[in-house]
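The values are calculated or read from the model by the stated rules, or taken from the named source; none is laboratory data. None of these values were measured; they are calculated from a predicted model. Note that each Cβ is placed from the backbone with ideal geometry, even for glycine, and that neighbours are counted across all protein chains shown.
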Amino acid sequence: MSFGAAPLVFVFVNMVVIGCTDADQQKPSSFLSSYDSYRNICHKIGWEPKCRKQPISDCQRKVIAFHAFLSTRLNKVPTNTIIKFGRVLVNEGNGYDPNTGKFTAPMDGVYSFSWTYHTNKGSIAYLGGFVDGTLTARIGNYHQTNTWENTSGHLIIKMKKGGQFWIQTFLTTTQIIAEDYTSLSGYRISGC
């Protein structure tokens, strides 16, 4: 910065500090006028913000999120059974189908999925997160010693439009998986 710009920066900083201190006492039109003046001064001395505001595209506005619970208890679930979470609380974007237990990505993006299941003493339960038929994340418990216990899994993965995610048993699962404490959630983090 040259010496000639230093006084301008000093004036600008003082105006911003005084202006911000004074902002809550100004009328909106007066505040906006002051803001425009400060912005013009910055522009004249060659300073531009590093981050320019980008317009929000339609794909960024579209919320894709779901949360569902089991609607009934499960007992002695066979291996390779897809868990169907029938009590849907939220299904923005209509990606989750409670009839199949599968989430279908309505658009490309990075997605986050979380699931929790609740079991009783002596349980053996292995539930995996499957993406397009591939076991991608595994959680389980074997001969649980606590009276009741929650076990959770989480997966963040890039998916293409039409890609599917679901929860499925991948080994022997016995005992009870309780409905009110067993859930699946998912949402799109980013992407188009």
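Scan the range 149-188 residue by residue and report those that are modelled with pLDDT under 95 and over 16 Å from residue 69 (Cα atoms).
149, 169, 170, 171, 172, 173, 174, 175
Which of (1) at pLDDT below 75; (2) surrounded by 11 or more Cβ atoms within 10 Å (Cβ to Cβ); (3) in a loop (DSSP other than H, G, I, E, B) is the odd one out, the single condition residue 47 does not satisfy?
So residue 47 meets the others, but not (1).
Would you be able to say whether some residue in the range 121-132 is farther than 24 Å from residue 65 by Cβ and hydroxyl-bearing (Ser, Thr, Tyr)?
Within the range 121-132 (the criterion being farther than 24 Å from residue 65 by Cβ and hydroxyl-bearing (Ser, Thr, Tyr)), the answer is yes, since at least one residue qualifies.
Residue 111 - would you say it is within 23 Å of residue 66 (Cα to Cα) and in contact with a Leu (Cβ under 7 Å, 6 or more places away or on another chain)?
no
Within the range 82-192, considering only strands (runs of 3 or more DSSP E) that don't extend past its boundaries, which have at least 2 residues that are surrounded by 18 or more Cβ atoms within 10 Å (Cβ to Cβ) and touching a Lys or Arg at 6+ places or on another chain (Cβ under 6 Å)?
The strands (runs of 3 or more DSSP E) meeting that bar are 109-120.
Restricting attention to the range 61-70, report how many residues are surrounded by 14 or more Cβ atoms within 10 Å (Cβ to Cβ) and outside any strand (DSSP E or B).
Summing the residues that are surrounded by 14 or more Cβ atoms within 10 Å (Cβ to Cβ) and outside any strand (DSSP E or B) in the range 61-70 gives 3.
What's the number of the condition residue 77 fails, among (1) surrounded by fewer than 18 Cβ atoms within 10 Å (Cβ to Cβ); (2) within 15 Å of residue 171 (Cβ to Cβ); (3) of a type outside the set (S, T, N, Q)?
Here residue 77 meets the rest and fails (1).
For residue 133, indicate whether it is modelled with pLDDT of 95 or more, out of contact with any helix residue (DSSP H, G or I) (no Cβ under 7 Å at 6 or more places or on another chain) and farther than 14 Å from residue 80 by Cα.
Numbers: modelled with pLDDT of 95 or more: yes; out of contact with any helix residue (DSSP H, G or I) (no Cβ under 7 Å at 6 or more places or on another chain): yes; farther than 14 Å from residue 80 by Cα: no.
Taking the combined requirement at face value, the residue does not satisfy it.
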